[in-house]
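Engineer: Below is the structure I would like to discuss, written out as structure tokens.
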Amino acid sequence: GTFGSMRGISLACVVAAASLLGLPSGAGAATTIGNAFPATNGCAAGVTFLQSVSPGVFSAPSAGVLTSWTHRAGAAPPQLKFKAGRPVGGDSFTVVGESTAVAPVANSANTYPIRIPVQARDVIGLFTVTAGECVASSASGYQGHTIFEDVPPGATRTFVPSGDPGTRLAVSAQFEADCDRDGFGDETQDTDLSACLCKGQA
């Protein structure tokens, strides 16, 4: 979905207000960042990769919460963790959240729940627990940053620009507003009706 007149309202608010506003109960502010391109190219094990530059949106548009992530696996997927990173200047990033390690099903779009609060411009990425296909074929306008480490949440590291400036990471995430700033996505995670009070303030 796109941001609109229902921006920043919890799912419970949307349902409660639907009859008054004449909107379907599915209306909301959730949107997708990144793009789960089909993974075709191999990745080494033990690498944290952040999609630092792209012509599309691989970064959070504002403060909010990432509520799920998707990897479209190829024929030989690695075990993966999702990562979210915050640019702090130059080639340095602070990892602000991660998922548990998963084993994606080959040749499928695999989606997993998460709850990672983010700020505007935070970027998404992956950590390869094992080797396998995790990136798509190269395309102009893309750039990543990598480091051979499972960087933990809260840690800041200096990354290295990826050798292939066209590398596209096969990952996307669901982004939701968090208008009451409680760390829960307003559309699918927050059942607190007090979130209704901050409608339009996200």
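The values are calculated or read from the model by the stated rules, or taken from the named source; none is laboratory data. What you are looking at is a predicted structure, and each value in this text was computed from that prediction instead of being measured. When we count neighbours, we look across all protein chains shown, and the Cβ atoms used for this are built from the backbone with ideal geometry, even at glycine. Each accessible area value is taken on the protein alone, full model and side chains, heavy atoms only, with ligands, DNA and RNA left out. Shrake-Rupley method; radii C 1.70, N 1.55, O 1.52, S 1.80 Å.
Per-residue answers, yes or no, for (1) of a type in the set (A, V, I, L, M); (2) closer than 23 Å to Ala106 by Cβ:
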{"site": "Val123", "(1), (2)": "yes, no"}
{"site": "Val129", "(1), (2)": "yes, yes"}
{"site": "Thr146", "(1), (2)": "no, no"}
{"site": "Glu176", "(1), (2)": "no, no"}
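Engineer: What's the number of the condition Thr94 fails, among (1) in a loop (DSSP other than H, G, I, E, B); (2) of a type in the set (Ser, Thr, Tyr); (3) farther than 23 Å from Gly42 by Cβ?
Structural biologist: Among (1) in a loop (DSSP other than H, G, I, E, B); (2) of a type in the set (Ser, Thr, Tyr); (3) farther than 23 Å from Gly42 by Cβ, Thr94 violates only (1).
Engineer: I would also like to ask the following. Could you run through region 32-65 and say how many residues are out of contact with any Asp or Glu (no Cβ under 8 Å at 6 or more places or on another chain) and more than 22 Å from Pro165 (Cα to Cα)?
Structural biologist: So the count comes out to 3.
Engineer: Does Ala155 qualify as being out of contact with any Cys (no Cβ under 6 Å at 6 or more places or on another chain) and either under 22 Å from Pro55 (Cα atoms) or among the β-branched types (Val, Ile, Thr) (or both)?
Structural biologist: On the way: out of contact with any Cys (no Cβ under 6 Å at 6 or more places or on another chain): yes; either under 22 Å from Pro55 (Cα atoms) or among the β-branched types (Val, Ile, Thr) (or both): no.
It is false that Ala155 is out of contact with any Cys (no Cβ under 6 Å at 6 or more places or on another chain) and either under 22 Å from Pro55 (Cα atoms) or among the β-branched types (Val, Ile, Thr) (or both).
Engineer: Out of region 156-189, which residues are assigned to a loop (DSSP other than H, G, I, E, B), open to solvent by 60 Å² or more (accessible area, probe 1.4 Å) and either of a type in the set (Lys, Arg) or under 19 Å from Tyr112 (Cα atoms) (or both)?
Structural biologist: Arg181, Phe184, Thr188
Engineer: Go through Val47, Val88 for me and flag whichever is open to solvent by less than 30 Å² (accessible area, probe 1.4 Å), over 14 Å from the mean Cα position of the chain (by Cα), hydrophobic (A, V, I, L, M, F, W, C) and within 21 Å of Arg157 (Cβ to Cβ). Please lay out each step first, then the result.
Structural biologist: Working: Val88 fails: open to solvent by less than 30 Å² (accessible area, probe 1.4 Å).
Going through Val47, Val88 in turn, just one is open to solvent by less than 30 Å² (accessible area, probe 1.4 Å), over 14 Å from the mean Cα position of the chain (by Cα), hydrophobic (A, V, I, L, M, F, W, C) and within 21 Å of Arg157 (Cβ to Cβ): Val47.
Engineer: A follow-up question, please. So which residues in region 119-146 are outside any loop (DSSP other than H, G, I, E, B) and either open to solvent by 30 Å² or more (accessible area, probe 1.4 Å) or among the hydroxyl-bearing types (Ser, Thr, Tyr) (or both), if there are any at all?
Structural biologist: Thr128, Glu133, Gln143, Thr146
Engineer: Sticking with this structure for a sec: Determine whether region 98-115 contains at least one residue that is touching a Pro at 6+ places or on another chain (Cβ under 6 Å) and buried (at least 22 other Cβ atoms within 10 Å of the Cβ).
Structural biologist: Within region 98-115, the subset touching a Pro at 6+ places or on another chain (Cβ under 6 Å) is 98, 104, 106, 110.
From what's left, buried (at least 22 other Cβ atoms within 10 Å of the Cβ): 104.
Yes.
Engineer: Have a look at Ile124, Ile114 and point out the one that is more than 18 Å from Gly144 (Cβ to Cβ) and in contact (Cβ under 8 Å) with a residue 12 or more places away in the chain.
Structural biologist: Working: Ile124 fails: more than 18 Å from Gly144 (Cβ to Cβ).
The unique qualifying residue is Ile114.
Engineer: Does Gly56 qualify as being of a type outside the set (Phe, Trp, Tyr), open to solvent by less than 30 Å² (accessible area, probe 1.4 Å) and under 29 Å from Thr188 (Cβ atoms)?
Structural biologist: Details: of a type outside the set (Phe, Trp, Tyr): yes; open to solvent by less than 30 Å² (accessible area, probe 1.4 Å): no; under 29 Å from Thr188 (Cβ atoms): yes.
Against the criterion (of a type outside the set (Phe, Trp, Tyr), open to solvent by less than 30 Å² (accessible area, probe 1.4 Å) and under 29 Å from Thr188 (Cβ atoms)), Gly56 does not qualify.
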